[in-house]
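One structure below.
Only the coordinates and a few stated rules stand behind these numbers; no lab work does. Because the structure is predicted, anything quoted here is derived from the model rather than measured. Methodologically, a virtual Cβ is constructed for each residue, glycine included, from the backbone with ideal geometry; neighbour enumeration extends over all protein chains shown.
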Amino acid sequence: MKRFHLGMLASAAMLLVSTSTAMAQCGSGGDCCVAGTGPGCLNVECCTQICAADAFCCETQWDEICANAAVASCSVCGGGGGGGGPCGSGGDCCVAGTGPGCADVECCTQICAADAFCCETQWDQICADA
C-alpha cells in the first residue's frame, strides 16, 4: 500500500514541478499578442490561460499559434476574457454559426489558434468540425 501512495505522491510532485516551471515563464518574454523567440509572455493572466491549453507556449516558444490564441481569448489583446472577443460568446462550438467565435473559451482558443478565420470572420462548419 505504501508503495502505491508514494508513487502517486511522486507523480503529483513531478506534475507540480513541471507546471510550475512552465508557468514561471509567464511575466517574462514579450508581448502576448505577437509571436516571440522564447517561451512565455509578459501578461501573466493571458500567459497562464494560453499555456494551460498549450504547454509548448511556456516550455519552448511563444510562437504564432500561441499569439493567435492570445488574440482570440485574452483581453490584453482585445480577445475574450472580458475583452469583447469572439471566444466565450456565440453559440455551440460544435455547430456552425453566422459570426466569429463560439461559447466554449478553451475550445474556441485552440481552434482559432489553428484557423484564425474562425475568430476573425465566421465560425463555419470547418471550425465546428475541428
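Note down the Stokes-Einstein diffusion coefficient of the stretch 26-129 in µm²/s, whole number, using a Kirkwood radius over alpha carbon pairs, 20 °C, and 1.002 mPa s.
166 µm²/s
If you take the charge dipole of the stretch 26-129 about its Cα centre, with +1 on Lys and Arg Cβ and -1 on Asp and Glu Cβ, which of Val76, Cys119, Ile50 is farthest toward its positive end?
The listed residue farthest towards the positive side: Val76.
Considering Cα pairs under 8 angstrom that are at least six residues apart, work out the relative contact order of the stretch 26-129 and quote it in whole percent.
Relative contact order of the stretch 26-129: 19 percent.
Please report, in debye to the nearest 20, how large the charge dipole of the stretch 26-129 is about its Cα centre when each Lys and Arg carries +1 at its beta carbon and each Asp and Glu carries -1 there.
220 debye
How charged is the neighbourhood of Asp104? Take every other residue with its Cβ under 15 Å from the Cβ of Asp104, and add Lys/Arg as +1 and Asp/Glu as -1.
-3
Taking θ as phi - 60°, what are the ³J(HN,Hα) couplings along the stretch 62-76 by the Karplus curve (6.51, -1.76, 1.60), each to the nearest whole Hz, with x for Gly and Pro?
Per residue, the Karplus-derived 3J(HN,Hα) values read 7, 8, 4, 5, 5, 4, 5, 5, 5, 4, 6, 10, 9, 5, 4 Hz.
Which cross-chain or sequence-distant (5 or more) residues have an amide H under 5 Å from the amide H of Ser28, H modelled 1.01 Å from N in plane?
Here the answer is Cys41, since their amide H atoms fall under 5 Å of that of Ser28.
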